[in-house]
Amino acid sequence: MGWKDCHLHVFHVPRPGGRATDEIGIPQDEFGGEADRITPGWNVPMAIYLNRAGDRAEYQYDFGDDWYHDVEIEARVPPEPGAAYPRCTDGARACPPEDCGGPGGYDELVAIMGDTRHARHREMKDWLGEVHGPFDPEAFAPATVRFTSAKRRLESLLRGQ
């Protein structure tokens, strides 16, 4: 997605062989008991849950903005010689900026940025420049997607970088 893992997130995944759902992500005590249900993602490889065509999960990012994503394994194909994995093969639109208010806030942001006469256009343009840089909501190029180590991102966040 391009987000920086600076918010809580969880995968809701069907338990292998059963109808129950597991929650894999970042446990937090501040949610009053919910932390007990969430298995730390660094302890469980997602390949246990997502490894065959048709396997599905729901991914929730930023428990305040509530970004929900449906994740589905569409197919497993033999690796291409010389190709790097994981890789992005398709997509649409730019990743929404962090902290833009969830899907509703993002729709509002796109509308404001598309109307140079809107009262908040300059404010939003300045905010985007501070947190994201130039932003085109329609821009997307699969070849520019880079996968990074979640462990290294977490270590970087903990160091304050």
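Kindly indicate whether ARG37 is of a type in the set (D, E, K, R), touching an Asp or Glu at 6+ places or on another chain (Cβ under 7 Å) and either surrounded by 13 or more Cβ atoms within 10 Å (Cβ to Cβ) or modelled with pLDDT under 90 (or both).
Numbers: of a type in the set (D, E, K, R): yes; touching an Asp or Glu at 6+ places or on another chain (Cβ under 7 Å): yes; either surrounded by 13 or more Cβ atoms within 10 Å (Cβ to Cβ) or modelled with pLDDT under 90 (or both): yes.
Answer is yes for this residue.
Which count do you get for residues in segment 48-68 that are in a strand (DSSP E or B) and either touching a Ser or Thr at 6+ places or on another chain (Cβ under 9 Å) or surrounded by 12 or more Cβ atoms within 10 Å (Cβ to Cβ) (or both)?
Kept after step one, since they are in a strand (DSSP E or B), are these residues of segment 48-68: 56-61, 67-68.
Cutting the leftovers down to either touching a Ser or Thr at 6+ places or on another chain (Cβ under 9 Å) or surrounded by 12 or more Cβ atoms within 10 Å (Cβ to Cβ) (or both) gives us 56-61, 67.
Matching residues across segment 48-68 total 7.
The set of residues from segment 69-95 being surrounded by 11 or more Cβ atoms within 10 Å (Cβ to Cβ) and closer than 14 Å to VAL145 by Cα comprises ARG87, CYS88, GLY91, ARG93, ALA94, CYS95. So which residues in segment 16-29 are within 17 Å of GLN60 (Cα to Cα) and either at pLDDT below 75 or not in a strand (DSSP E or B) (or both)? Once the filter is applied, which keeps residues that are within 17 Å of GLN60 (Cα to Cα) and either at pLDDT below 75 or not in a strand (DSSP E or B) (or both), segment 16-29 yields ILE26, PRO27, GLN28. Residue count for segment 84-106 satisfying the condition of being under 17 Å from the mean Cα position of the chain (by Cα), of a type outside the set (S, T, N, Q) and part of a loop (DSSP other than H, G, I, E, B): 15. Between LEU8, LEU109, LEU50, the distinction of being closer than 26 Å to GLY133 by Cβ and outside the structural domain of LYS125 (by TED's automatic domain parsing) belongs to LEU8 only. Within the set PRO81, PRO137, the sole residue that is in a loop (DSSP other than H, G, I, E, B) and within 19 Å of LYS4 (Cα to Cα) turns out to be PRO137. Sub-8 Å Cβ pairs linking a first residue in segment 14-28 that is farther than 18 Å from GLU72 by Cβ to a second residue that is in a loop (DSSP other than H, G, I, E, B), at least 6 apart or interchain, are GLY25/LEU8; ILE26/LEU8; GLN28/LEU8, ordered by first then second residue.
Which residue is nearest to PRO137 (Cα to Cα), if the candidates are limited to segment 97-109 and must be surrounded by 14 or more Cβ atoms within 10 Å (Cβ to Cβ) and touching an Asp or Glu at 6+ places or on another chain (Cβ under 9 Å)? Only one residue fits best here, namely TYR106.
List the pairs whose first member sits in segment 114-126 and is under 16 Å from PRO97 (Cβ atoms), whose second member is part of a loop (DSSP other than H, G, I, E, B), and whose Cβ atoms are under 7 Å apart, counting only residues at least 6 apart or on separate chains? Filtered contacts from segment 114-126: HIS121/ASP115.
The values are calculated or read from the model by the stated rules, or taken from the named source; none is laboratory data. Remember, it's a predicted structure, so these values are computed and weren't measured experimentally. Because the Cβ atoms are built from the backbone with ideal geometry, glycine has one as well, and the counts that use them run over all protein chains shown.
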